[in-house]
Each structure stands twice: as structure tokens, then as C-alpha cells.
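Engineer: Submitted below is the structure of interest, expressed as C-alpha cells.
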Amino acid sequence: MSADAMLRSLSDDSWRWIEQGRIEGAERDRISGLRNAERKGERNGRRKQALSSARNMLADGLPLEKVVRYTGLSVEDLRALETSKA
């Protein structure tokens with residue numbers, strides 16, 4: 001193989017490696033984005049459930065401090081919940 005042919009072959013291989021790296025990086029980014037979206041959805045779902053439970057507890061007359069302890073929500077969250085139902 002001539003020096004020119006060898007150089008072209010090495011150059012082509014380098015570009016293939018670069019392109020493959022770009023493709024793999026894009027796939028990793030896509031998967032990471034999906035995982036982040038899934039975690040965010042789970043957090044939102046848990047928060048909605050906690051708010052629903054808190055709404056029921058408050059309607060049953062449980063003290064604010066107990067609702068905070070049982071749901072993990074903040075006092076501010078519960079006060080906002082109370083004002084939004086009024």
C-alpha cells in the first residue's frame with residue numbers, strides 16, 4: 001500500500017471514529033433526557049398525591065403540623081392549598 005493510500009485510509013478511519021463518537025454521544029444525551037423526564041414525572045406524581053392526601057386530611061380536621069409531618073409538604077404548601085380551596 002502506498003503512503004498516500006495509507007494516509008487516506010487512516011484519515012477515513014479517523015472520520016468514522018469521530019462520527020461514531022458523535023452518534024454515541026447523541027444517544028447518551030437522549031437517554032439521559034428521557035431518564036430526567038421520567039424522574040421529574042415521578043416527582044410530580046408524588047407531589048400531586050401528597051397534595052391530595054393533605055387536602056383530605058385538612059378536610060377531616062387534622063392539625064396543620066400533623067399534615068406536614070405525614071405528607072412531607074411544607075407549611076407554605078398547605079397554606080396555599082387552604083387558600084386555593086377558599
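Engineer: Six or more apart or on different chains, Cβ atoms under 9 Å: show the pairs whose first residue is in region 57-77 and more than 20 Å from N44 (Cβ to Cβ) and in contact (Cβ under 8 Å) with a residue 40 or more places away in the chain and whose second is of a type in the set (S, T, Y) and surrounded by 14 or more Cβ atoms within 10 Å (Cβ to Cβ).
Structural biologist: Listed by first residue and then by second, the contacts come to nothing, as the list is empty.
Engineer: Follow-up. Failed condition for G61, given (1) loosely packed, with under 10 Cβ neighbours inside 10 Å; (2) at negative phi, with all others met?
Structural biologist: It is condition (2) that G61 fails.
Engineer: Any idea which residue in region 26-46 is nearest to the chain's Cα centre (by Cα), counting only those that are closer than 17 Å to L73 by Cα and not charged (D, E, K, R)?
Structural biologist: The residue in question is N44.
Engineer: Related question: Test E65 against the criterion of being assigned to a helix (DSSP H, G or I), at pLDDT 95 or above and among the acidic types (D, E), and give yes or no.
Structural biologist: Values: assigned to a helix (DSSP H, G or I): yes; at pLDDT 95 or above: no; among the acidic types (D, E): yes.
No, not satisfied.
Engineer: Hey, D13 hits all of (1) open to solvent by less than 100 Å² (accessible area, probe 1.4 Å); (2) charged (D, E, K, R); (3) modelled with pLDDT of 90 or more but one; which does it fall short on?
Structural biologist: Single failed check for D13: (3).
Engineer: If only one of S53, S84 is open to solvent by less than 80 Å² (accessible area, probe 1.4 Å), free of Cβ contacts under 8 Å to residues at least 60 places away in the same chain and in a helix (DSSP H, G or I), which one is it?
Structural biologist: After ruling out the rest, the residue left standing is S53.
Engineer: Are there any pairs, at least 6 apart or on different chains, whose C-beta atoms fall under 9 Å, with the first in region 25-49 and assigned to a helix (DSSP H, G or I) and the second open to solvent by 100 Å² or more (accessible area, probe 1.4 Å), and if so, which?
Structural biologist: The qualifying pairs do not exist here.
The values are calculated or read from the model by the stated rules, or taken from the named source; none is laboratory data. Given the structure is predicted, the values throughout are model-derived calculations rather than measurements. Glycine also receives a Cβ, built like all others from the backbone with ideal geometry; neighbour counts cover every protein chain displayed. Just so you know, the surface numbers come from the protein's heavy atoms only, side chains and all, with ligands and any DNA or RNA stripped out. Shrake-Rupley method; radii C 1.70, N 1.55, O 1.52, S 1.80 Å.
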